[in-house]
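A quick write-up on the structure given underneath.
The values are calculated or read from the model by the stated rules, or taken from the named source; none is laboratory data. Every value quoted in this text rests on a predicted model; they were computed, and no experiment measured them. Using ideal geometry, Cβ is built from the backbone for each residue, glycine included, and neighbour counts are taken over all protein chains shown.
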């Protein structure tokens, strides 16, 4: 089958098919054009000419789906919108650093040492395993358990808000007088 024959046979039916699914006539014409570009590019790969009709409509459906995916609305942000205040970000970072340090001190000795060496002093877990004369998997496990215990202490003390990348963007100290969780010891943040 050649593209001219396909154009003659399918142009009007495809345009009607698309027009039932897309309201803007200019977009309908663009989609029809894109469909025929795809047909022309891939017709040589069609092995069974008896299946040309379902194949063409499959291309058309996928092209319509692509059209709607591109139509997601976007909102213009004001030019003067300031997402982060550098001074505020530095204050938050300083507060959290002092909070983490006080909470690390509350960890059991084996986890405190592992966290201090890897997180505060920048030692790799491989170096930690050598320093503590233990297996690499044992060192990794100790650091992971220490991190988990530190997280438990932190979340008992604070409600943490993170962005989609896991970066802490805000936190608020939990008022333990209301929830009676008994976590006063862990709440040494300022």
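Results, tabulated for the structure shown:
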read-out	value
Boolean, residue 109 is out of contact with any strand residue (DSSP E or B) (no Cβ under 6 Å at 6 or more places or on another chain) and at pLDDT below 90	no
Single residue of 16, 45 found to be modelled with pLDDT of 90 or more and out of contact with any helix residue (DSSP H, G or I) (no Cβ under 8 Å at 6 or more places or on another chain)	16
Any hit, segment 147-159, residues being modelled with pLDDT under 95 and outside any helix (DSSP H, G or I)	yes
Residue within segment 7-25 that is loosely packed, with under 11 Cβ neighbours inside 10 Å, closer than 16 Å to residue 68 by Cβ and in the same structural domain as residue 63 (by TED's automatic domain parsing) present	yes
Tally, over segment 19-43, of residues that are more than 13 Å from residue 61 (Cβ to Cβ) and assigned to a loop (DSSP other than H, G, I, E, B)	2
